[in-house]
Amino acid sequence: MLTKRIIPCLDIKDGRTVKGINFIDLRDAGDPVELGAAYAQQGADELVFLDISATNEKRKTFSQLVKDIAIHVNIPFTVGGGISSVADVAPLLEAGADKVSINSAAVKRPELIDELAKAFGSQFVVLAIDARKVDNHWLVHTHGGKQPTDKKLFSWAKEGQERGAGEILFTSMDHDGTKQGYAIDPLSKLNQLLRIPVIASGGAGRMEDFLEAFVIGKADAALAATLFHFGEIKIPVLKEYLRSKELLIRF
Amino acid sequence: MKVAVIKYNAGNIRSVAFALERLGVTFTITDDPEEIRSADKVIFPGVGEASTTMQYLTERKLDTVIKNLKQPVLGICLGMQLMCAHSEENNTPCLGIFDETVQFFKPTHQQKVPHMGWNSLNLSKGWLNQDLEGEFVYFVHSYFVPISKQTVATTEYILPFSSALQKGNFYAVQFHPEKSSNAGELVLKSFFEKSR
């Protein structure tokens, strides 16, 4: 049977991983290739690499990095950050990325989803949505969660699916960084509403949080960053725990 | 050993190439019929849509080349589906190497389509290394090949379907060995070592 996926997310700036990284066994924990390969070896099911470099000039070096990742990492990976056109995506896929994630650019111009799905297939397109609760509504935010929009999480996710997104990566800005657990209610609503997979993101602090996201939130995958980078939760231990709770987990 | 990877508009050629490099296999990526025919082993990758891909192959006469190959050929994902008789994806006649018709998964309330992620293999005897029994491999597909005499491994999602096939010199897998970690590497090794 299909297993639930555990996905570490790496933020990349100027070709290096950022956010505190505290991996003891690596020669160079700032090297995304080495870190990605280490996660793959530990049993991560997929990886996400987000390029947070500011300029287009630096983005060109990102596709070289994607190629290095593809050479060394033997599990699927998604890349994202600043993608706003079919032309941005082609070199990343050519370099060996399995999926791309889009966020602010799709909010600004939703047709981007249709264009990417048509050019490369839905399975390549991950729609990342950052949202927070404002006056009892889950409002979509862009630019790393800083800028509010008038879009609502559920209708936007549904529209994304209809336009051809293959997966939704939902981050609750209210939960991100709190380590108090994923946003379970909206997750479970998304999963009832959609027929494409949903990745939970933002708020993981304990192994129980992953269990909740999968069992109550019905998420297909759960993503975390610093928690894994700091070694606070080790992937093999997490997977063993989830298996002991009778979840279907790859080991 | 000369390995040819068939070059066409498939989305995963690069990933397949990297996986072969990791295994230390030397290969050429080619759409030259002579080079494909003279290779010891041939890999037919595939990510994309059935009808446009068949059209692409037919226009370049690669359909006839592939069907008539005598050496071991490994079809991957869409490559495997195109080796079947017919696909429900835009009602497409395919290469007809395997007898089956490729069918669309009907989503259920609990189980979404595409079938995307890691799922396990149940082997019957065949070319796959027996250590792969129960191992997890990575799938991304909305269409499946039903179980038949040519099935050598099954996987369950919505229903049991063929995750690997063989007929004579033609071998095929529905999943992506190039993305399936150590298990995927063992699948590729099985093909290189056991096929003849």
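The values are calculated or read from the model by the stated rules, or taken from the named source; none is laboratory data. Values in this document were obtained by computation on a predicted structure and should not be read as measured data. Cβ sites come from the backbone with ideal geometry, for glycine too, and all protein chains shown count toward neighbours. For the accessible areas, the whole protein counts, side chains as well, though only heavy atoms, and no ligand, DNA or RNA atoms are used. Shrake-Rupley method; radii C 1.70, N 1.55, O 1.52, S 1.80 Å.
Worth a mention:
- Looking at region A:127-241, the accessible area is 41 square angstrom per residue; that uses a 1.4 Å probe and ignores ligands, DNA and RNA.
- Relative pair counts by distance (%), Cα atoms of region A:38-149, 5 Å bins: 2, 11, 22, 21, 19, 14, 7, 3, 1, 0
- Region A:127-185: Rg to Rh, with Rh as the Kirkwood radius over Cα pairs: 0.96
- The 3J(HN,Hα) values that the Karplus relation (6.51, -1.76, 1.60; θ = phi - 60°) gives for region A:34-44 are, in residue order, 5, 5, x, 5, 5, 4, 4, 5, 6, x, 4 Hz. Gly and Pro appear as x.
- The listed peptides B:158-168, A:122-132, B:40-50, ordered by packing as a protection proxy, come out as A:122-132, B:40-50, B:158-168 (highest mean of other Cβ atoms within 10 Å first).
- Candidates per GluC sites (Glu not before Pro) in region A:217-251, loop by DSSP, up to 16 other Cβ within 10 Å: A:GLU232, A:GLU246
- Interface between chains A and B: roughly 2600 Å² of accessible area buried, both sides summed (probe 1.4 Å, protein heavy atoms only).
- Evaluated on region B:92-195, the Kirkwood hydrodynamic radius is 14.0 Å, with distances taken between all distinct Cα atoms.
- Accessible area per residue for chain B is 39 Å², calculated with a 1.4 Å probe on protein heavy atoms, without ligands, DNA or RNA.
- Binned Cα-Cα distances of region B:1-55, short to long, each 5 Å bin given as a whole percent: 4, 20, 29, 23, 16, 6, 1
- Hull-based mean projected area of region A:5-244, where the convex hull spans the alpha carbons, in square nanometres: 11.8
- As an equivalent ellipsoid, the protein assembly as shown spans semi-axes of 35, 22, 22 angstrom, where each value is the square root of five times an eigenvalue of the C-alpha gyration tensor, largest first.
- Distances between every pair of Cα atoms in region A:207-251, grouped in 10 Å steps from 0 to the bin holding the largest one, split as 26, 61, 13 percent.
- Beta bridges per DSSP, both residues in region B:1-105: antiparallel share near 15 percent.
- Rg/Rh for region B:3-194, where both radii come from Cα atoms and Rh is the Kirkwood radius: 0.93
- Reciprocal mean inverse distance between Cα atoms of region A:146-251 - Kirkwood radius, Å: 14.3
- Proximal aspartates and glutamates to B:LYS70, defined as alpha-carbon separation beneath 14 angstrom and excluding residues fewer than eight positions away on the same chain: B:GLU34, B:GLU35, B:ASP40
- Looking at region B:115-160, the GluC sites (Glu not before Pro) that sit in a DSSP loop and have at most 13 other Cβ atoms within 10 Å of their own Cβ are B:GLU133.
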